[in-house]
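The values are calculated or read from the model by the stated rules, or taken from the named source; none is laboratory data. Just so we're clear, the structure is a prediction, and the values are computed from it rather than from any experiment. A quick note on method: Cβ atoms are made from the backbone with ideal geometry, for glycine too, and the neighbour counts reach across all protein chains shown.
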Amino acid sequence: MSSSATDPRLAGAGPPKRPLRLSWSDERVRGIVWQVLVVGIVLFIGWWLWSNTVHNLEVRRIATGFGFLDREAGLPIGESLIPYEPTDTYLTALTVGVLNTLKVAIIGIVLATILGTVVGIARLSKNWLLSKIAGFYVEVIRDLPLLLQLLFWYTILQALPGPRQAINPIEGVFLSNRGMKLPFIEWTAAHWWALLAMVAGIGLTVLYARVMRARQYADGQPRKVWPAAIALILGLPLAVWAAFGAPFTPDIPALRGFNFRGGITVSPEFFALLIGLVTYTAGFIAEVVRAGILSVSQGQWEAAEALGMRRGEILRKIVMPQALRVIIPPLTSNYLNLTKNSSLAVAIGYQDIVSIANTTLNQTGQAIEGIAIIMLVYLTISLSISLFMNWYNSKIALVER
Amino acid sequence: MGETMEAPVASAMRTDAPPAIRLEGVNKWFGALHVLRDINMTVATGERVVVCGPSGSGKSTMIRCINRLEQHQEGRIVVDNIELSDDLRSLDAIRREVGMVFQSFNLFPHLTVLENCTLAPIWVRRMPKKEAEALAMEYLERVRIPEQAAKYPGQLSGGQQQRVAIARALCMKPKIMLFDEPTSALDPEMIKEVLDTMVMLAGTGMTMICVTHEMGFARQVADRVVFMDRGEIVESGEPEAIFSNPQTDRLKLFLSQILRGH
């Protein structure tokens, strides 16, 4: 409050320096001794592990190093985001594994966040039935081991009939024990342009929303953004697509002999892993979201209600921004858990990085390198998630004092 | 508190206008607990009512019923000629006319002081942002903290926060202001600055209902003091009559406890 020029609290040059007294009763001496001791022990354990490993490798005559990565892998991989043949190198095989892990982790995180938020808000709903269903879901899903749930989903998918008797709920969609077959179209340049137009449409919508917000600030009248959003995000790509002559050759899966041809496939392994990870993690995220919303005091709701605001508006403008502070750190933990839990893929035969690195180390005998690669991959993914979430968290942090 | 008796604020009560608030036979229960028992009260436009009573007497619940933060279960409440009901439109209309100040301030901690004040005018009153900001600055000046506009609530003292809360409510240009123990959470040195703000507000002719134990404030501005105990209105009358000549034992006991505390 008082101006800094006259404030005597700001006049000095900080606290006086205390001399270090060489005595065991000095807190700082003790602190230094303990730190030196701990660092020494850690260094000793590290040295011991290292020398032991080197000794054992020598005895067993195992060559170390990453030279094996250039050798031919010879291992078949069921699904891959990049072209892959068993004649490719181990490096390519491991890359496929990393991409498969990333695929299930990224899609899983997005879906688990959506499902978890919906369930978390539903559990707080005043609708008795809705909140009870949400509560039941959370309690059941959290109390069963994830491995069991993955095996459950996989067994269900395996229990589906074979391709010849595939379930055919809608024209072009087939559910069988070979996975889910979905119709697709023959992808051409026009479709790429349309996709690009959709991305541009999303960008334009954000811009449009900002302009509309500015207009509202100028004259007070609220404006609807969603009609323009639909036009930009759906209409624009359609127009681009039509401008290219609207190429449309449906690629509908059909039974040829013993299996399907055409369309795109979602493998039962990927599907089971995704459902399992999403439903399981969503149970935890739901509780995180619920706790976050409850952490905002009732007084905030009341103050906003007394000002005449509606509940949805209060949730968006008052409660959620505050709840996010509480939600983000445990949410990050759940994202990391989902990513690391994806290594349970091994149990149901989805070829993620752990599965492929395991096969690699079995075939080559390079156990230490194999494990090191797995660790490096998970560390990189996890640290990236952590860094991003911490950045986001600091961005929305509250200013206090 | 009220040792220094300050000049009373002239009454702005208008008997010619329709009453601002009318409670008729209002009853409310929390479970089996009968918290409001047959409350009948009429507040005239421009009238300033102080409600006092021991804790748990239902005074907060009563004023919270007036803008429907609590729902009454029996009887009628009519505010500014609009009857409170389950109709959301009438609720919106009433909440726009009635401002409220809470014991625990309830400022929005993620918004600046200015944003706290402009939020509702922009989104509820649909006011242009510039206009809302000018209005907010005007009221922040009235409560004498315009220099804090860019700060966050966590950076202010309790008294300053409560004055911002008053400014925030005033920015909606309410016809009626409700105060729910506005000084109870404050340090003694900050009580005066908030009371001064409320006295200033009383001088503008605002219809006010204040739940407070500040007897000095009641003497200075109140047209009427209402004493509540165990969910019912026990006594009601001009401040002097209530404080100097209590009729019931309950009020006598309450006053003796209040005065001993100060």
| Quick check, is residue A:77 within 39 Å of the chain's Cα centre (by Cα), under 30 Å from residue A:104 (Cα atoms) and free of Cβ contacts under 8 Å to residues at least 60 places away in the same chain? | no
| When the residues of the range A:298-350 are filtered to those that are facing another protein chain (nearest Cβ under 8 Å) and in contact with a Ser or Thr (Cβ under 8 Å, 6 or more places away or on another chain), which remaining residue is modelled with the lowest pLDDT? | A:322
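Could you grab me the full set of residues in the range B:75-113 that are of a type in the set (Phe, Trp, Tyr) and touching a residue at least 60 places away in the same chain (Cβ under 8 Å)? Walk me through how you get there before you give the answer.
Residues of the range B:75-113 that are of a type in the set (Phe, Trp, Tyr), as a first pass: B:102, B:105, B:108.
Once the filter is applied, which keeps residues that are of a type in the set (Phe, Trp, Tyr) and touching a residue at least 60 places away in the same chain (Cβ under 8 Å), the range B:75-113 yields B:102, B:105.
Quick one: is residue B:84 at the interface with chain A (Cβ under 10 Å from one of its Cβ atoms) and either in contact with a Gly (Cβ under 9 Å, 6 or more places away or on another chain) or modelled with pLDDT under 95 (or both)?
Details: at the interface with chain A (Cβ under 10 Å from one of its Cβ atoms): no; either in contact with a Gly (Cβ under 9 Å, 6 or more places away or on another chain) or modelled with pLDDT under 95 (or both): yes.
Taking the combined requirement at face value, the residue does not satisfy it.
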| remark: Scanning the range B:214-223 residue by residue, those closer than 14 Å to residue B:52 by Cβ and surrounded by fewer than 22 Cβ atoms within 10 Å (Cβ to Cβ) turn out to be B:215, B:216, B:219
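One line per residue, one yes/no per condition, for (1) surrounded by 22 or more Cβ atoms within 10 Å (Cβ to Cβ); (2) touching a helix residue (DSSP H, G or I) at 6+ places or on another chain (Cβ under 9 Å):
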position: A:332; (1), (2): no, yes
position: A:336; (1), (2): no, yes
position: A:343; (1), (2): no, yes
position: A:366; (1), (2): yes, yes
position: A:376; (1), (2): no, no
position: A:383; (1), (2): no, no
position: A:389; (1), (2): no, yes
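I'd like the full set of residues that are surrounded by 23 or more Cβ atoms within 10 Å (Cβ to Cβ) and either part of a helix (DSSP H, G or I) or of a type in the set (Asp, Glu) (or both), limited to the range B:181-194. Spell out the reasoning first.
First, pick out the residues of the range B:181-194 that are surrounded by 23 or more Cβ atoms within 10 Å (Cβ to Cβ): B:182-183, B:194.
The one that is surrounded by 23 or more Cβ atoms within 10 Å (Cβ to Cβ) and either part of a helix (DSSP H, G or I) or of a type in the set (Asp, Glu) (or both): B:194.
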| Based on what the data block shows, is residue B:57 modelled with pLDDT of 90 or more, more than 14 Å from chain A (Cβ to nearest Cβ) and not in a strand (DSSP E or B)? | yes
| said: Take the residues in the range A:82-115 that are more than 24 Å from the chain's Cα centre (by Cα) and assigned to a helix (DSSP H, G or I); name whichever of them is surrounded by the fewest Cβ atoms within 10 Å (Cβ to Cβ). | reply: A:91
| message | Between a residue in the range A:205-227 that is closer than 17 Å to residue B:119 by Cα and within 7 Å of chain B (Cβ to nearest Cβ) and any residue that is surrounded by 11 or more Cβ atoms within 10 Å (Cβ to Cβ) and among the aliphatic types (A, V, I, L, M), which pairs come within a Cβ distance under 7 Å, given they are 6 or more apart or on different chains? | response | A:220/B:127
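Looking for something loosely packed, with under 15 Cβ neighbours inside 10 Å, at pLDDT 85 or above and away from chain B (no Cβ under 14 Å) - is there at least one such residue anywhere in the range A:268-291? Let's see the steps before the verdict.
Narrowing the range A:268-291 to residues loosely packed, with under 15 Cβ neighbours inside 10 Å: A:291.
After this cut, where a residue has to be at pLDDT 85 or above as well, the list is A:291.
From what's left, away from chain B (no Cβ under 14 Å): A:291.
Scanning the range A:268-291 turns up at least one residue that is loosely packed, with under 15 Cβ neighbours inside 10 Å, at pLDDT 85 or above and away from chain B (no Cβ under 14 Å).
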